[in-house]
């Protein structure tokens, strides 16, 4: 199951790198929305698997946690990319950031995450009463939550700007997409902020 999720992350990540390079802004926005759905489904499956695995994870570097971090990191990058695509709609489809810089940033961050997790020898979280994962400041899971929170805050900011720029007629076509994105962002903001505040990851929170 985990190997399948990791394999599914690869084409989504490749498409994420290619998105800023597409010539038409409408195509970039459409592909970003598709990637958001795909990355959300992959992360949801990783969360479900981790929630059922937490009581049985021995102290160490469990693969379920690593898959959860990589899938969440991918969704965070998709959120940032989607926010940039929405920002382009405010400037006649033109991005203030060169496309190659955005792609290079995503590539570098993805490679750094893979290398960091691959060379991790110290334990990730430890079990607390066999029902939660503890977080420590500056460990991979905590830093992942910080990036997830940042991207989940950035996307609603761009959505609000995009929504206000639409005419009343155009808003009708985007209302369900905007509502879904705000709901997804709000859920991740609550999840990440709770985990960072109380330094623990609860299984039933992953099911949300």
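The values are calculated or read from the model by the stated rules, or taken from the named source; none is laboratory data. All values reported here derive from a predicted model rather than from experimental measurement. Cβ sites come from the backbone with ideal geometry, for glycine too, and all protein chains shown count toward neighbours.
Summary of computed values
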| quantity | calculated |
| --- | --- |
| Number of positions in region 157-175 that are within 17 Å of residue 83 (Cα to Cα) and surrounded by fewer than 18 Cβ atoms within 10 Å (Cβ to Cβ) | 9 |
| Tally of residues being assigned to a helix (DSSP H, G or I), out of contact with any helix residue (DSSP H, G or I) (no Cβ under 8 Å at 6 or more places or on another chain) and exposed (fewer than 14 other Cβ atoms within 10 Å of the Cβ) across region 9-33 | 5 |
| Top-ranked residue in region 188-208 [being surrounded by 17 or more Cβ atoms within 10 Å (Cβ to Cβ) and touching a strand residue (DSSP E or B) at 6+ places or on another chain (Cβ under 6 Å); ranked as modelled with the lowest pLDDT] | 201 |
| Selected residue (criterion: farthest from residue 51 (Cα to Cα)) from residues of region 158-170 that are assigned to a helix (DSSP H, G or I) and in contact with a helix residue (DSSP H, G or I) (Cβ under 7 Å, 6 or more places away or on another chain) | 165 |
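Matching residues to (1) crowded, with 17+ Cβ neighbours inside 10 Å; (2) part of a helix (DSSP H, G or I); (3) modelled with pLDDT of 75 or more:
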{"position": "105", "(1), (2), (3)": "no, yes, yes"}
{"position": "110", "(1), (2), (3)": "yes, yes, yes"}
{"position": "117", "(1), (2), (3)": "yes, yes, no"}
{"position": "122", "(1), (2), (3)": "no, no, no"}
{"position": "149", "(1), (2), (3)": "yes, yes, yes"}
{"position": "181", "(1), (2), (3)": "yes, yes, yes"}
{"position": "186", "(1), (2), (3)": "no, yes, yes"}
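Every residue, every condition in (1) within 17 Å of residue 103 (Cα to Cα); (2) without any contact (Cβ under 8 Å) to a residue 24 or more places away in the chain; (3) under 14 Å from the mean Cα position of the chain (by Cα), yes or no:
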{"site": "2", "(1), (2), (3)": "no, no, no"}
{"site": "7", "(1), (2), (3)": "no, yes, no"}
{"site": "17", "(1), (2), (3)": "yes, no, no"}
{"site": "22", "(1), (2), (3)": "yes, yes, no"}
{"site": "29", "(1), (2), (3)": "yes, no, no"}
{"site": "34", "(1), (2), (3)": "no, yes, yes"}
